[in-house]
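Novice: Input: one structure, supplied below.
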4 protein chains.
Amino acid sequence: MSENAEGAAPPPGTRRPGGRTARTRAAVRDAVLTGLAEHGYPGLTVEYVAERSGVHKTTLYRRWGGLEGLVADALDLAGEDTWAPPDTGLLDGDLRALAREVCEAFGDPAAAAAPTAFIAAAFQSERAADALRAFYTERFGRCEAVVERAVARGEAPVGTDAGAVVRAVSAPLFLRLFVTREPVDTALADQSAAAVAAAVRAGAFTPSTGAGTATATDARTATAPPRTPR
Amino acid sequence: MSENAEGAAPPPGTRRPGGRTARTRAAVRDAVLTGLAEHGYPGLTVEYVAERSGVHKTTLYRRWGGLEGLVADALDLAGEDTWAPPDTGLLDGDLRALAREVCEAFGDPAAAAAPTAFIAAAFQSERAADALRAFYTERFGRCEAVVERAVARGEAPVGTDAGAVVRAVSAPLFLRLFVTREPVDTALADQSAAAVAAAVRAGAFTPSTGAGTATATDARTATAPPRTPR
Amino acid sequence: MSENAEGAAPPPGTRRPGGRTARTRAAVRDAVLTGLAEHGYPGLTVEYVAERSGVHKTTLYRRWGGLEGLVADALDLAGEDTWAPPDTGLLDGDLRALAREVCEAFGDPAAAAAPTAFIAAAFQSERAADALRAFYTERFGRCEAVVERAVARGEAPVGTDAGAVVRAVSAPLFLRLFVTREPVDTALADQSAAAVAAAVRAGAFTPSTGAGTATATDARTATAPPRTPR
Amino acid sequence: MSENAEGAAPPPGTRRPGGRTARTRAAVRDAVLTGLAEHGYPGLTVEYVAERSGVHKTTLYRRWGGLEGLVADALDLAGEDTWAPPDTGLLDGDLRALAREVCEAFGDPAAAAAPTAFIAAAFQSERAADALRAFYTERFGRCEAVVERAVARGEAPVGTDAGAVVRAVSAPLFLRLFVTREPVDTALADQSAAAVAAAVRAGAFTPSTGAGTATATDARTATAPPRTPR
DNA sequence: TGTTAACCGAGACGGTACGTCGCGTCTTTCT
DNA sequence: AGAAAGACGCGACGTACCGTCTCGGTTAACA
């Protein structure tokens with residue numbers, strides 16, 4: 001997407017990716033992360049990164065094209081971890097654990113700084129927005145395992161929209177964190193998880209079923225099938 | 001000597017809010033809104049507001065203390081409208097209408113610009129964050145009527161956490177709009193509304209009941225009303 | 001020149017110069033003097049004078065028309081003292097005393113601040129320049145007594161240009177103080193006084209004599225009177 | 001890391017004084033001189049220099065540190081000319097020529113503007129004062145040749161304080177120009193020159209002799225030798 | 001003695017210039 | 001040939017002081 005077509009000038013730093021280039025890259029990413037955590041996105045400057053990483057400002061512009069690229073690159077790095085969703089053996093427990101993780105991650109101001117900065121960055125930079133989308137798509141993708149396991153266990157109807165479920169769990173927390181700016185706590189996380197779990201059981205996340213107009217009865221019925229082998 | 005009794009710094013434009021002062025104020029608010037819509041928060045400059053409003057930069061700093069104050073003030077203004085939540089006569093319908101409204105408001109780029117800018121602003125300014133919190137608290141407060149009416153109609157259990165419900169409905173949309181940066185559409189809005197409605201009926205938003213650990217069975221029990229028929 | 005023709009608005013503070021007006025005036029002059037001494041002319045602001053004197057800024061503009069007028073007024077005040085030139089009984093002694101007085105007045109930084117500020121002010125304000133000219137004309141006028149007494153005593157030729165003499169004595173000191181910015185000391189003062197005294201005796205300050213083209217011989221002749229023994 | 005070895009702040013534009021840097025420098029100096037002549041020091045703004053020279057304001061601050069440095073630099077430039085004192089073959093003539101030159105230089109308002117501005121600048125800026133001192137020290141240093149030649153010719157006593165003499169000649173003119181703000185003319189210049197010449201011949205500028213208390217007799221004696229020949 | 005006009009206090013405002021920060025570009029120099 | 005190093009143009013920042021204006025309150029001189 002952001003790749004250059006063949007024939008065009010190849011971005012510097014591409015052709016000789018060994019040795020100094022590689023070290024530079026890591027140093028820069030660290031500096032960006034540190035800066036983001038310390039000052040947030042709006043307080044992050046190219047000059048800071050240059051100083052902190054020991055890489056000259058001019059080089060940063062040549063290779064990353066400015067702050068946007070720097071941040072997008074750092075976000076890519078952030079996505080490369082080995083995090084895995086919880087597995088408590090129960091949908092309720094998994095969702096609750098998921099929600100609590102969000103809660104805790106953003107509860108500690110120090111830990112929240114960098115992620116928050118990324119979200120803020122997406123408001124100002126298309127490239128950061130793209131990177132953020134990629135990051136969360138991948139992250140929520142991992143989470144879907146939780147739902148799939150629940151389906152396998154018969155806790156959730158077949159056809160449940162896993163992506164929607166895992167998003168719905170953390171959504172109220174994100175809403176309060178970044179939109180309404182209200183405090184969040186564990187109780188809230190639990191409430192959200194429970195609500196989503198209930199909705200899942202009611203089949204509200206199963207598109208095929210007329211979920212939109214599902215009545216309580218329908219919901220109850222809807223939950224049955226998976227289990228009701230027969 | 002020229003200190004005011006309360007000891008706090010007297011914000012200029014407060015003590016003689018008549019005549020020119022008032023006109024100035026309105027012009028400035030309009031300019032902020034326009035600027036926000038045109039360039040977003042990060043692209044909004046005090047100088048732009050000064051030029052656009054015809055009020056001198058110095059005056060803006062004197063009276064609003066900078067961009068933060070300008071934006072916070074504009075947000076206050078934005079909250080002063082007569083919007084009322086939908087009333088379709090059914091919880092499902094109301095929630096769906098609510099969700100769709102969010103969807104539409106942020107679907108049109110032109111209309112979304114200003115609100116988005118406010119949310120972005122909150123990332124960079126404590127004052128904007130406060131103003132945003134106030135705005136949404138009040139706005140969601142109005143929405144709670146929807147839940148209260150549902151309770152009155154017997155569609156929702158007594159004791160339902162109205163605030164949590166209305167937030168849960170729009171949360172997945174906001175999540176995708178501002179965090180995961182995924183597209184939203186009416187189907188999504190409907191799905192969210194349906195899920196929340198289901199959860200409400202399942203009693204997942206009724207704190208008194210041990211909603212947090214509610215099992216499917218508990219949930220069914222808690223949802224008494226629906227069961228009533230027989 | 002800057003006077004108002006009859007019929008025009010009479011300058012405020014003119015028609016009712018009693019009571020508060022008078023007190024105000026004194027307070028303002030003091031404040032100007034203090035400010036001048038503390039910050040020099042370029043550091044003197046109308047706002048400082050307003051605060052310091054307790055007279056409102058608007059009033060200062062109304063009555064003095066701004067900094068220029070304020071300073072000019074203060075300078076007028078400074079000229080109203082009872083200083084008198086020294087009288088040692090000898091031209092040499094008087095001139096030396098005069099020179100030393102300049103030296104001492106500007107040697108102490110604290111004492112020199114205000115006078116220096118006035119001289120600086122004259123560079124920026126026509127009114128201050130006028131006031132300064134008036135001040136020094138009057139001041140040097142008093143000094144001329146020194147020369148007149150010398151003439152009366154027969155120490156100086158009749159027709160000696162008293163004004164030129166008293167100016168010549170202090171001129172080298174002022175030159176070093178304000179133009180070449182070199183240090184001055186008593187020895188310098190003495191040298192200047194001695195040189196001028198010698199020139200006076202040589203008749204170089206007696207216009208009628210062709211002083212301008214005086215040769216060494218002429219000078220000797222001119223100096224004759226006092227000595228003329230023979 | 002980016003510190004320079006000497007420890008002192010490395011003034012920008014110092015280490016790479018080639019190409020653009022040099023051109024910039026000249027343009028700026030011209031602009032300062034022009035501005036000084038047009039508006040005087042108090043009317044000279046950095047922004048004016050920026051506009052006039054085509055060099056950006058920020059750069060001016062970076063390289064010259066503000067108005068002070070700008071003016072000091074321009075003054076340095078002003079000192080780099082090839083002016084030489086007059087040589088009429090007579091002390092009287094040389095001194096008179098010197099005095100008249102001052103008179104003429106400051107008589108024409110257009111020509112006087114820049115020098116006057118420099119003197120005014122010294123009142124507000126230590127750096128300008130230093131530069132002014134350096135300028136005049138050097139300039140009067142050149143003038144001393146006049147006295148030295150006179151000594152060589154036997155017109156002035158050996159040991160005459162050349163610096164004091166040349167300063168004394170122009171001092172009354174500067175006094176009237178910048179302190180008492182009185183008009184100056186050629187007659188005054190001649191008077192001053194004649195007086196100083198007389199004092200020189202009287203030995204009043206010869207420190208070794210008890211110049212301070214020199215009597216007319218002493219003076220005559222002191223002046224004698226040169227003439228003795230016959 | 002009551003008016004009434006002159007004057008003053010108070011505060012907001014438009015305006016010029018300040019001096020600084022960070023961006024992104026360019027040139028020069030090194031290796 | 002790419003990177004380091006540094007100067008620069010540029011736009012915006014937030015501040016200081018200027019000088020003006022409007023409003024309201026006092027006060028001193030006059031009817």
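Novice: For peptide B:128-136, compute the average count of partner chain beta-carbon atoms within 10 Å of each residue's beta-carbon. All intermediate terms of the calculation are to be shown ahead of the outcome.
Specialist: On the way: counts 1, 3, 1, 1, 4, 6, 2, 2, 6.
Per-residue shielding by partner chains comes out at 3.
Novice: How large is the Kirkwood hydrodynamic radius of region B:91-227, in angstrom, based on all distinct alpha carbon pairs?
Specialist: It is 15.9 Å.
Novice: In what sequence, highest mean first, do B:177-187, B:114-124 appear when ranked by Cβ atoms within 10 angstrom?
Specialist: On the way: B:177-187: 17.8, B:114-124: 23.3.
Ranked by mean Cβ neighbours within 10 Å, highest first: B:114-124, B:177-187.
Novice: With point charges of +1 on the Cβ of Lys and Arg and -1 on the Cβ of Asp and Glu, referenced to the Cα centre of region A:30-179, which listed residue (A:Cys103, A:Ala152, A:Pro115) lies farthest in the positive direction of the dipole?
Specialist: Final value for the positive-end residue is A:Pro115.
Novice: Let me ask something additional. Just the accessible area per residue of region D:59-193, please: how many Å² with a 1.4 Å probe?
Specialist: On the way: 5080 Å² over 135 residues.
I get 38 Å² per residue for region D:59-193.
Novice: Here's a follow-up. Roughly how much accessible area, to the nearest 100 Å², goes out of reach of solvent when A and B pair up, both sides summed, probe 1.4 Å?
Specialist: Working: alone 12610 and 12700 Å², together 21460 Å².
That pair hides around 3800 Å² of surface in total.
Novice: Something else now. What whole-number distance in Å separates the alpha-carbon centres of region D:144-198 and region A:185-200?
Specialist: 98
Novice: Report, in debye and to the nearest 20, how large the dipole of region B:91-227 comes out about its Cα centre when Lys and Arg carry +1 and Asp and Glu carry -1 on their Cβ. Could you put the intermediate results ahead of the total?
Specialist: On the way: 14 positive and 16 negative charges, 46 e Å.
Rounded to the nearest 20 debye, it is 220 debye.
Novice: What are the distances, in nm and sorted shortest first, from the label point of A:Arg23 to the label points of the same position in each other copy, with each label point placed 7 Å from Cα along the Cα-to-Cβ direction?
Specialist: Sorted ascending, the copy-to-copy spacings read 3.9, 6.7, 7.8 nm.
Novice: A further question follows. Run the accessible area of region C:20-79 with a 1.4 Å probe and give the carbon-and-sulfur part as a rounded percent. Don't skip to the answer; put the middle values down first.
Specialist: Details: 1370 of 2900 Å².
Result for region C:20-79: 47 percent of the exposed heavy-atom area is carbon or sulfur.
Novice: Defining the label point at 7 Å along Cα→Cβ, can you sort the distances from C:Pro183 to the same site in each other copy, shortest first, in nm?
Specialist: Reported distances to equivalent positions: 4.1, 6.7, 8.3 nm.
Novice: For region C:20-79, give the magnitude of the charge dipole about the Cα centre (Cβ charges: +1 Lys/Arg, -1 Asp/Glu; no others), in debye to the nearest 20.
Specialist: Numbers: 8 positive and 7 negative charges, 70 e Å.
With Lys and Arg at +1 and Asp and Glu at -1, about 340 debye.
Novice: Suppose you put the label 7 Å out from Cα in the Cβ direction; list, shortest first and in nm with one decimal, how far C:Thr59 is from each other copy's label.
Specialist: Its label point is 2.8, 5.1, 6.6 nm from the equivalent points in the other copies.
Novice: From the residues B:Ala50, B:Thr24, B:Leu77, which one has its Cα farthest along the dipole of region B:20-79 in the positive direction, the dipole being from +1 and -1 charges on Cβ of Lys/Arg and Asp/Glu about the Cα centre?
Specialist: B:Thr24
Novice: Each label point is 7 Å from the Cα along the Cα-to-Cβ direction; what then is the distance between the points at D:Thr88 and C:Ala145, in nm?
Specialist: Distance between the two pseudo-spin positions: 3.8 nm.
Novice: Further question: Suppose every Lys and Arg Cβ carries +1 and every Asp and Glu Cβ carries -1, with no other charges. What dipole size does region B:66-108 come out with about its Cα centre, to the nearest 20 debye?
Specialist: Values: 2 positive and 11 negative charges, 40 e Å.
Computed about the Cα centre, the dipole is about 200 debye.
Novice: Run the reach check for B:Lys57 against lysines, Cα to Cα strictly under 23 Å, same-chain hits fewer than 8 apart removed. What comes back?
Specialist: C:Lys57, D:Lys57
Novice: Related question: Add +1 for every Lys or Arg and -1 for every Asp or Glu among the other residues with Cβ under 14 Å from the Cβ of C:Glu104, and state the total.
Specialist: On the way: positive: C:Arg96, C:Arg100; negative: C:Glu101, C:Asp108, C:Asp185, C:Asp190.
Residues close to C:Glu104 contribute a combined charge of -2.
The values are calculated or read from the model by the stated rules, or taken from the named source; none is laboratory data. Nothing here was measured: the structure is a model prediction, and the numbers come from that model. FYI the Cβ positions are ideal-geometry reconstructions off the backbone, even for glycines, and counts take in every protein chain you see. All accessible areas refer to the heavy atoms of the entire protein, side chains included, with ligands and DNA or RNA removed. Shrake-Rupley method; radii C 1.70, N 1.55, O 1.52, S 1.80 Å.
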